[in-house]
Amino acid sequence: MRAWTAPLQAIPQEADLGGTEMPVFLQAPDVGGRTVREIIYPSLGGEEVRLHISNRYSRAPLDILAARIAKAKGDAATDDAGIALTFNGSHLLHLPPGGEADSDPVSLAVKAGQPYATSLYLGPQQRVEAWHRVSGVTNYVSATGNHARDTSGDAYKTPFMHHAWVTSLSVISSVPAEAVLAIGDSITDGLRASPDLVHSWPDGLMRRLADDHGHQTAILNAGISGNRLLSDSACFGERLTARFEREIASASDLKTAIVLIGINDINFATAQPHGGLDCFAPQRQVTADDLIAGYRQLAALAHQHQIRIILGTLTPAALPPEREKIRLAVNAWIRSSGESDGVIDFDKALRDPAHPDMLAAAFDSGDHLHPGDRGYIAMAEAVPLQLLAPPLLSTTTTSDLLTK
């Protein structure tokens with residue numbers, strides 16, 4: 001079953017920009033004829049492992065000439081040369097635009113919460129046309145050539161904070177396990193958490209569950225920074241109402257989905273439209289009723305797949321009065337409607353009691369919208385574990401996360 005995931009989003013291409021220059025935050029590294037090494041932290045252990053490779057949203061084929069997985073040692077280094085991966089028995093993988101493939105399973109003792117390095121040696125004409133834009137960990141591109149077997153990180157001179165092509169890691173384990181999907185926007189993605197320390201709130205939830213040795217739970221983070229519930233974005237991916245069913249259907253043994261999204265729908269509506277690449281388009285004006293209709297759509301899809309849906313209240317964002325009214329109305333409905341299978345009151349966990357429209361100072365990353373490390377810990381600890389799949393799980397806290 002899946003132990004880690006990173007949903008993709010399309011990267012706008014130069015041909016789509018009408019002659020304007022690509023913004024720096026959307027510029028992908030040169031990967032043709034090079035090796036891309038990505039660092040993955042599975043949330044579940046196992047004895048066998050396989051990768052899912054996706055060429056979704058790309059307009060060109062994907063050519064992988066060699067692929068390996070190894071235990072990561074720090075930066076781009078690995079403990080050893082790792083294990084070669086094959087695809088239907090072949091060391092080569094060719095995927096057309098939009099194509100998907102699973103690697104053949106290989107024996108590898110995987111431990112939850114430990115880093116593993118995947119290395120893909122790519123064809124000479126390969127480009128990055130889709131990615132998971134905010135990885136939260138440093139990944140690497142090598143100098144020209146096949147460096148998939150390298151144990152040293154010396155050849156990996158180019159860091160990049162994105163995931164590409166590897167969209168999930170699955171494990172096979174003799175221990176019973178099930179999965180929880182955390183899905184939403186940047187606050188689930190872990191934006192502004194300390195990089196390379198695994199500090200998103202789903203990571204904190206993974207740590208809370210780590211001591212339940214009789215029944216393991218995978219925490220899958222499908223947050224996309226900038227994502228909206230109701231509108232697509234050229235920069236921030238498909239709307240959640242469009243991608244939700246694909247995400248829940250792709251994870252075996254998924255029992256619960258935790259949804260936290262809507263603040264970008266409220267905020268982006270007020271952005272000033274402009275020519276060229278407009279990441280905030282469409283600037284759709286939304287009401288609380290619009291967002292509630294979207295949540296109901298997600299709940300219907302989840303229940304069709306026999307998955308419980310838990311809604312998180314929208315966290316404080318220092319909004320002007322008209323936008324704050326929408327947030328408060330949405331939160332009142334989430335708390336009282338009874339239309340989800342449970343509620344996590346992230347708003348209550350993070351707000352300043354004296355100024356409830358603001359994040360508490362101790363939890364604010366500094367932009368008054370995204371939590372910092374301690375805020376993400378508070379979110380993880382706000383999850384009532386009885387909402388997750390039985391049997392009841394450990395209540396170990398994550399308060400020591402910052403010291404690890």
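Just so it is clear, none of the values below were taken in a lab; they were calculated from the coordinates. The shown structure was predicted, so the numbers you read here are calculated from the model rather than taken from an experiment. All Cβ positions, glycine included, derive from the backbone under ideal geometry; neighbour counts span all protein chains shown.
Worth a mention:
- Highest-MSF residue in the chain out of Ala329, Ala317, Ala299 [GNM, Cα springs under 10 Å]: Ala329
- To the nearest ten degrees, helix 240-249 and the longest principal axis of the Cα atoms of the chain are 60 degrees apart.
- Straight-distance crosslink candidates among lysines, where the alpha carbon sits under 30 Å from Lys325 and sequence neighbours closer than 8 are dropped: Lys348
- Protection proxy ranking of 303-316, 69-82 - average other beta-carbon atoms within 10 Å, highest first: 303-316, 69-82
- Note on Asp30/Lys73: beta-carbon distance plugged into 1/(1 + (r/R0)^6) with R0 of 25 Å gives a FRET efficiency of 0.45.
- Computed over the chain with a Gaussian network model linking Cα atoms closer than 10 Å, the most mobile of Ser168, Ser336, Ser142 is Ser336.
- Whole-Å distance, taken between Cα centres, linking the range 67-105 and the range 292-365: 39
- Charge dipole (debye, nearest 20) of the chain; +1 at Cβ of Lys and Arg, -1 at Cβ of Asp and Glu: 200
- For the range 271-283, backbone phi angles converted through the Karplus equation (6.51, -1.76, 1.60; θ = phi - 60°) give residue-by-residue couplings of 5, 6, x, 8, x, x, 6, 10, 5, 8, 6, x, 7 Hz, Gly and Pro being listed as x.
- Restricting the calculation to Cα atoms, the range 175-388 shows an Rg/Rh of 0.95 when the hydrodynamic-style radius is the Kirkwood one.
- Packing, as the average of other Cβ atoms within 10 Å across residues, places the peptides 181-191, 103-113 in the order 181-191, 103-113, highest first.
- Table column - 3J(HN,Hα) (Hz), the range 367-382, Karplus curve with 6.51, -1.76, 1.60, x for Gly and Pro: 9, 6, 10, 9, x, x, 3, 5, x, 5, 4, 4, 5, 4, 6, 7
- Shape parameters for the range 153-285, alpha-carbon atoms, Rg then Dmax in Å: 17.2, 56
- Among the listed pairs Lys111/Lys255; Lys157/Lys255; Lys73/Lys255, those whose Cα-Cα separation exceeds 29 Å are Lys157/Lys255; Lys73/Lys255.
- Stretching Asp352 away from Gln285 to a fully extended chain increases their span by 21.4 nm, per 0.36 nm per residue minus the current alpha-carbon distance.
- Percent of Cα-Cα distances greater than 27 Å, calculated over the chain: 49
- Positive-end residue, the chain charge dipole about Cα centroid, Cβ charges, pick of Ile224, Ala179, Phe160: Ala179
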